[in-house]
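Every number in this text was worked out from the coordinates using simple rules, so none of it is lab data. Remember, predicted model here, so these are calculated numbers, not experimental data. Cβ placement follows ideal geometry from the backbone for every residue including glycine, while neighbour counts extend to all protein chains displayed.
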Ligand code: GLN
């Protein structure tokens, strides 16, 4: 048995009793166990936990005729980036510091997913603390790209992307601070949603940079992304940034920001995106300019380490976790940089200046959204790169050049499969919308996927 790729497809089969939730989980666990030794997608597989849940769900399906309406994620087999606190299940943040930490609670999103009928089968590998764009900063070894195992799957939600791409689960929860959902989705032929800052509660998610962190997910379909988003969004009383002010509009004009198509962007990627433009009917493309785009990386790499230095201070080895000596090189680099830019005498020159440029980047977007309803850009300058290829931190940081701007502005953004490079590597495009315009992105994504079948391609494993 090989279940269909979409949530509705699987739920249709469950309704028709082609198989039950236990058999479904057996399939995904089989894939996970067979492929994890090569792909290293999971840090922890929680088999017993998953089977406990399937017993409950099988019973509900048998006895409740409204099971699928009352439980919108009924039977959805999920993995969670190992930054999500899970009660009784090890949560490592990809770091040796927390390698044997078992949280006493689950956060809001995990609880919402579970209550909606999802089945969690494991925790996924990631760059330690979410610091990275390749998965190679994980203390548990890098995850491998299922499309070419000599390449990175992207990061920091590396294992999340691999687990969905290799059909070890149906969808995966990730976090995106500067690109960590969108970029691995792009490298692995998936849909990656980074919601609006303040749309989804981060309570119970290990914090990286609090003015940038968002919780989102990786799926194969824009429709599945919408189904999950509708379950996880909204106030919980525990994350003070959460608002609920969605727009119900459709996109008519789409902006092409010229700065995103310039030097350093693979021509193949630009060509694939140009070809994609004709696939969505009824929209017009207009050139726009976001002049401060090139300052996004220097700005992001001041603000983000500053916030990292503050958030990671709680891992002092006193209450839980190992000693600070267990921090890896990248975390140490960011703590030092962050402490430096916040220190007396340097604060104005670095942190304050970065905050001012952040405002300019936000203004660029606001001005563009006076003219257009969404923006279309590449996700990354190149397709997946080789493991070990980017060994200079600055080279790695440049991988976020096209995803960091929307993060700095708190905007929702979604990556979607747009075809394959000459080497057979997946390529993604990015849609960026105004705050709380997720509905526009889902609408465009669904219409695009109805007209294309890139997202139905799966790696040969
Ligand atoms: N690659 C970026 C960084 O290393 C983004 C990480 C993220 O979004 N968590 O900071």
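Taking a point 7 Å from the Cα of residue 243 along the Cα-to-Cβ direction, the residues of region 196-217 with backbone N closer than 14 Å to it are 196-200. Three principal axis extents of region 1-68 based on alpha-carbon atoms, in descending order, are 41, 23, 15 Å. Region 172-216 to region 58-72: how many Å between their Cα centroids? Region 172-216 and region 58-72 have Cα centres separated by 30 Å. Extending 7 Å from the Cα toward the beta-carbon at both residue 66 and residue 33 defines two label points whose distance is 3.9 nm. Among 109-115, 325-331, sorting by the average number of other beta carbon atoms lying within 10 angstrom of each residue, highest first, gives 109-115, 325-331. With a simple spin-label model that places each label point 7 Å from the Cα along the Cα-to-Cβ direction, the separation between residue 22 and residue 451 comes to 4.7 nm. Modelled this way, with points 7 Å down the Cα-to-C-beta line, the labels at residue 322 and residue 339 are 2.0 nm from one another. What is the distance in Å between the Cα centroid of region 281-338 and that of region 94-140? That distance is 18 Å.
Label region 204-301 by shape, choosing from rounded, prolate and oblate, from the square roots a ≥ b ≥ c of the eigenvalues of the Cα gyration tensor; if a/c is under 1.5 it is rounded, and otherwise prolate applies when a/b is larger than b/c, oblate when it is not. Oblate shape, in that a/c is at least 1.5 and b/c is the bigger or equal ratio. Over region 398-459, the ratio between the Cα radius of gyration and 2.2 N^0.38 Å evaluates to 1.24.
The order of the peptides 153-159, 279-285 by mean Cβ neighbours within 10 Å, most packed first, is 153-159, 279-285. From most to least packed by mean Cβ count within 10 Å, the peptides 191-203, 210-222, 11-23 give 191-203, 210-222, 11-23. A Förster radius of 25 Å, combined with the Cβ-Cβ distance separating residue 258 from residue 279, puts the computed FRET efficiency at roughly 0.70. Here the chain is described by how far its Cα atoms reach on the three principal axes: 63, 59, 44 Å, from widest to narrowest.
Between residue 105 and residue 363, take the C-beta separation as r, use R0 = 41 Å, and let me know the FRET efficiency to the nearest 0.05.
0.55
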